[in-house]
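For reference, the structure discussed in these notes is given below.
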Amino acid sequence: MDSCVIPLRHGGLSLVQTTDFFYPLVEDPYMMGRIACANVLSDLHAMGITECDNMLMLLSVSQSMSEEEREKVTPLMIKGFRDAAEEGGTAVTGGQTVVNPWIIIGGVATVVCQPNEFIMPDSAVVGDVLVLTKPLGTQVAVNAHQWLDNPERWNKVKMVVSREEVELAYQEAMFNMATLNRTAAGLMHTFNAHAATDITGFGILGHSQNLAKQQRNEVSFVIHNLPIIAKMAAISKASGRFGLLQGTSAETSGGLLICLPREQAARFCSEIKSSKYGEGHQAWIVGIVEKGNRTARIIDKPRVIEVLPRGATAATLAPDHSNASSETNA
């Protein structure tokens, strides 16, 4: 499971807790703080939990940074983490800060729940539909952005993508990683979700396989569609790295993969994009649940849904992708 669930001795309550940390992957320390917090909270959100009682922050400051760098970077990372926690309805009350060879940021999220406040990820049934709430390709976008200053790497992909497209994809990836999965967690209850996980380091295939293994029923997951930040599939192919189309490319603070009743899935996708939840929420139907032996797979030639970065116009990207964003719920 994405979080540990510990039954308490009193009142039929459960303690739900998770922890995570990683190294910086974007250049903006404030956004890095937000991403780290969103990533920690996402493990609660994957269980349909929308509230968090407490957060701790884990922060490692690099010993190779100058005093001036520490004084500028560290407060921004802390502020980003705290702001995201506040957006998630919780607060950072403590933690641990150390000096280390590397910068590390992460945290611990804790909540005490009644049984109806969380959804155990084990009840998918044949006929369910798989829905994904953020596009894939964050690792590719972050790496491609770094390659802009690495001629050897850039030369391998410059025929399939422009510098402007990489910048837009990087901004889109950063925005998505910093977006909480809290809205999706709440809608899991509204639309009777049967199971969910968040897509992070093992990629969509790895996390789908992990989720499939936890199911009580004899089911398997089949993924037909891959919503991907525009041009990242082309970069993955051209570079010969990542395995994005194979579902093995790591994501950071990715979306929720949710098993929903077939009759609820399209309504979920429509509802999450409602303006009442603010901007930035998306969802796509990506696969089905069928009878099987608790495995997951991506079909041989999945349909790639090119997701246009916000701020991109149709003319920014190649003409064949100009209407891609209209394919969201296919």
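The values are calculated or read from the model by the stated rules, or taken from the named source; none is laboratory data. As the structure is a prediction and not an experimental result, all values here were calculated from the model. No Cβ is skipped: glycine too gets one built from the backbone with ideal geometry, and neighbour counts run over all protein chains shown. SASA here: full protein model, heavy atoms, side chains in, ligands and nucleic acids out. Shrake-Rupley method; radii C 1.70, N 1.55, O 1.52, S 1.80 Å.
Structure values in brief
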| quantity | calculated |
| --- | --- |
| Subset of the stretch 155-180 [in contact with a strand residue (DSSP E or B) (Cβ under 8 Å, 6 or more places away or on another chain) and either open to solvent by 10 Å² or more (accessible area, probe 1.4 Å) or charged (D, E, K, R) (or both)] | 172 |
| Tabulated pairs, the stretch 211-235, first on the phi < 0 side of the Ramachandran plot, second among the aromatic types (Phe, Trp, Tyr), C-beta under 7 angstrom, 6+ apart or interchain | 212/221; 225/284; 227/284 |
| Selection within the stretch 89-113 - touching a strand residue (DSSP E or B) at 6+ places or on another chain (Cβ under 8 Å) and in a loop (DSSP other than H, G, I, E, B) | 90, 91, 101, 102, 103 |
| Counted residues, the stretch 238-260 - those being open to solvent by 40 Å² or more (accessible area, probe 1.4 Å) and touching a strand residue (DSSP E or B) at 6+ places or on another chain (Cβ under 6 Å) | 0 |
| Subset of the stretch 238-258 [more than 22 Å from residue 174 (Cα to Cα) and over 16 Å from the mean Cα position of the chain (by Cα)] | 238, 240, 246 |
| Flag if residue 115 is at pLDDT below 95, out of contact with any helix residue (DSSP H, G or I) (no Cβ under 6 Å at 6 or more places or on another chain) and either over 25 Å from residue 60 (Cα atoms) or not assigned by the TED database to the domain that holds residue 36 (or both) | yes |
| Answer residue from the stretch 149-205, given it is β-branched (Val, Ile, Thr) and in a helix (DSSP H, G or I) and is farthest from residue 230 (Cα to Cα) among those | 190 |
| Which listed residue, of 91, 85, is within 30 Å of residue 10 (Cα to Cα), in contact with a helix residue (DSSP H, G or I) (Cβ under 7 Å, 6 or more places away or on another chain) and open to solvent by 40 Å² or more (accessible area, probe 1.4 Å) | 91 |
| Selection within the stretch 261-282 - touching a strand residue (DSSP E or B) at 6+ places or on another chain (Cβ under 7 Å), open to solvent by less than 20 Å² (accessible area, probe 1.4 Å) and closer than 19 Å to residue 121 by Cα | 265, 268 |
| Unique residue being in contact with an Asp or Glu (Cβ under 7 Å, 6 or more places away or on another chain) and among the hydroxyl-bearing types (Ser, Thr, Tyr) when the list is 138, 179, 133 | 138 |
| Test: residue in the stretch 79-87 that is closer than 23 Å to residue 268 by Cβ and not in a strand (DSSP E or B) | yes |
| Residue ID - surrounded by the most Cβ atoms within 10 Å (Cβ to Cβ), chosen from residues in the stretch 96-117 that are more than 12 Å from residue 49 (Cα to Cα) and touching a Phe, Trp or Tyr at 6+ places or on another chain (Cβ under 9 Å) | 105 |
| The listed residue being of a type in the set (Ser, Thr, Tyr), in contact (Cβ under 8 Å) with a residue 12 or more places away in the chain, in the same structural domain as residue 235 (by the TED database) and over 16 Å from residue 43 (Cα atoms), out of 179, 183, 190, 200 | 190 |
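Residues checked against (1) under 27 Å from residue 114 (Cβ atoms); (2) in contact with a helix residue (DSSP H, G or I) (Cβ under 8 Å, 6 or more places away or on another chain); (3) open to solvent by 20 Å² or more (accessible area, probe 1.4 Å):
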| residue | (1), (2), (3) |
| --- | --- |
| 22 | no, yes, yes |
| 55 | yes, yes, no |
| 59 | no, yes, no |
| 69 | no, no, yes |
